[in-house]
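Colleague: Just passing along the structure, written as structure tokens.
Derivation of every value follows stated rules applied to the coordinates shown; laboratory data play no part. Computed from a prediction, not measured in an experiment: that's the story for all the values here. Note that each Cβ is placed from the backbone with ideal geometry, even for glycine, and that neighbours are counted across all protein chains shown.
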Amino acid sequence: MRIMILLVLMCGFASLVEGSVKLSPAASGLSLSYPLGCTGAHKPASEPFCVVGTAALSDVLELTLSVNIFDVDDPTKSVYFHIELATRGTEPAGLNITGGGSAKVVEEEKLFGAVVFAVIISADTVGDGRGKYDPATNRWTADIEVHADAQADIFGADAIDLPISKVVTARNGPNYDIGFDALFKETTGDSDAAGISIAFDLSLNTKESNLFFWELVGEGQLHIWLDPFIDLTPTVEVVKKEFKLST
């Protein structure tokens, strides 16, 4: 059985927050990465993703980040999210997110190959990718449109399809509260015969009110059943990592 989840993310823009790292005008254009020295062109040896960016200080602190999550078969193929942040002190001053590419980030077999599932993530930009400011909440926000397509192959046959669409709001708030959370929970099929259900979380958020400390999560669980032969609840774990950007 093969399960494919196609996530098409259409993005808005996130904000920059001045964290514990102190920048001076001489630090304009400071290069950042995690893992250290990685690029978006090739999967690093230690992680399934790479984050590269720059930090610059003028009248505001500006941070750009490109987050690439790589394909399990092709180390040069990835889905990416490009984030531009700006803050004035601890106050948000701007937010943009764009995205593109696609990657098969998980592929596994169960029951000696009777069940195969894969996860493909794709990203695309909504409009010009720019966020909007809400003075009532003192936040910049931008919508992310997510499309997911789950396909189940049981005993080598395409049997079940689970399309999902969702709009998620990215945020840039006070005190460096930045990120987005895409949460999916859907079921399709016949509960008495065959079907798929999915609960999946794709999120990127700052940690501890620190612009340079982030957590990237892509994980969830599937329920795959074909009565009376198959009843599986495999875990899908793409990435779950807290990381600090460094020069």
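Colleague: Quick one: how many lysine pairs in the chain have C-alpha atoms under 14 angstrom apart, if they're 8 or more apart or on different chains?
Modeller: 7
Colleague: What is the fewest-to-most order of 167, 119, 236 by other Cβ atoms lying within 10 Å of their Cβ? Mind showing how you got there, number by number?
Modeller: Numbers: 167 11, 119 26, 236 21.
If I rank by nearby Cβ atoms, fewest first, I get 167, 236, 119.
Colleague: Counting other beta carbons within 10 Å of each residue's own, what order do 31, 197 fall into, fewest first? Please list the in-between numbers first.
Modeller: Working: 31 12, 197 18.
Sorted ascending by nearby Cβ count, the order is 31, 197.
Colleague: Let me ask another. Quote the charge dipole size of the chain about the Cα centre in Debye, to the nearest 20; the model charges only the Cβ of Lys and Arg (+1) and of Asp and Glu (-1).
Modeller: Dipole of the chain, to the nearest 20 debye: 920 debye.
Colleague: Based only on other Cβ atoms within 10 Å, what is the fewest-to-most ordering of 47, 108, 208?
Modeller: 208, 108, 47
Colleague: Which of rounded, prolate, oblate describes region 35-163, given a ≥ b ≥ c as roots of the alpha-carbon gyration tensor eigenvalues and a/c under 1.5 marking rounded, otherwise prolate only if a/b is larger than b/c?
Modeller: Since a/c reaches 1.5 but b/c is at least a/b, the shape of region 35-163 is classed as oblate.
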